[in-house]
Amino acid sequence: MSDRALEVFATARDRQMNQNFARTIYVKVRAAKTDWEDAGECWPFELLQNAPDAGPRPGRAAVSVEIGRDGLRDAPT
């Protein structure tokens, strides 16, 4: 395969992968919006899991998290 053909293939493959990732995110967000009870159980854990992903900050060596509960609220509209 020529270098140009390999480049075209890699570009097309990357574009398709990005579209697949975007579609997956879209589907999961829509599901979370329609099934808020199940999604509500997952969001805190997703936030905790993603908290350190932004990387280190000057003067910050760790991530601290506090979780509280003020009561129940009605379903979102």
**Study point:** Overall form of segment 1-72 per C-alpha gyration tensor (a/c, 1.5; a/b vs b/c)
**Key:** oblate
Check your understanding: How far, in nm, would the chain grow between residue 25 and residue 4 when pulled straight, counting 0.36 nm per residue and subtracting the alpha carbon separation?
Key -> 4.4 nm
Check your understanding: What list do you get for 7, 66 if you sort them by fewest beta carbons within 10 Å?
Key -> 66, 7
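Tally Lys and Arg at +1 and Asp and Glu at -1 over the other residues with C-beta under 15 Å from the C-beta of residue 20: what net charge comes out? It would help to have the intermediate numbers written out before the result.
Details: positive: 13, 15, 23, 28; negative: 14.
Net charge in that neighbourhood comes out at +3.
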Review point. How much length is gained on full extension from residue 53 to residue 35, taking 0.36 nm per residue of separation minus their Cα-Cα distance?
Key: 3.8 nm
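Laboratory data are not the source of any read-out in this text; all were calculated from the coordinates shown. Please read all numbers here as calculations on a predicted model, not as lab measurements. All Cβ positions, glycine included, derive from the backbone under ideal geometry; neighbour counts span all protein chains shown.
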